[in-house]
């Protein structure tokens, strides 16, 4: 059995590792927040729209279009780099954002882009309110500190830096509470594992689901054996080495052994692209 001294040392090492992972996760978000343009090909615009609504004490109750206040932030500070290609613009170069332009041409671009985005439905309105309440308070603090214009947008983004570190630590704490040693295989049986595989919970392994189903029994038996050895105080140096799962030569070969073509689902890669490109008027500038 593991002594109390070694257990204390292991717990300390775990916490150091989790702190390191929290720092790495926070640093990654910091780099993204500082380097990537605003309102590009992710749904940042929709989340920002909810933050502005919550800041006025008006949580959404239906799926509505983006609010007028949000458009006055999205349009001038939005970016085209991840929504279009450079050959769609004169000279093969992306134009500067509208907040760096002036004159009648910039005004017409603003009106066109605003009209385009005003039809966008905010499907993030169904999300839980906790994050948006915290972000709206953070937004309010930034305004009273004196942040304005583009500084306010960076201020909102940088809120995610400590939040990401907290998420990593929260995940570790939750796992320590509910699974201090290992998950109880009496609760997680073959049926649960198969349901998770079919739902796509293990798609990040980049293995066909049909192949994962064939490995379920072996994985459960291995877990049960390790739990028995741990309960009896037995261990081996070779137990530290994970057994490599044999990967099929091709997805089609794995499906051929599955017995049912309907159960063969290739790992889903990629993300559904949002509607259209922004703004439409910018596309036509090269014509």
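When both the stretch 14-73 and the stretch 106-126 are represented by their alpha-carbon centers, they are found 18 Å apart.
Quote the relative contact order of the stretch 3-78 in percent (integer), defining contacts as alpha-carbon pairs under 8 Å separated by 6+ residues. Worked out over the stretch 3-78, it gives 31 percent.
Fewest Cβ neighbours within 10 Å first, please rank 220, 213 accordingly.
Details: 220 15, 213 20.
Ordered from fewest to most neighbouring Cβ atoms within 10 Å, 220, 213 come out as 220, 213.
Computing FRET efficiency as 1/(1 + (r/R0)^6) for residue 82 and residue 27, where r is the C-beta to C-beta distance and R0 is 22 Å, gives about 0.50.
Computed from the coordinates by the stated procedures, all read-outs in this text should not be read as laboratory data. Just so we're clear, the structure is a prediction, and the values are computed from it rather than from any experiment. Don't worry about glycine lacking a Cβ; one is built from the backbone with ideal geometry, like all the others, and counts go over all protein chains shown.
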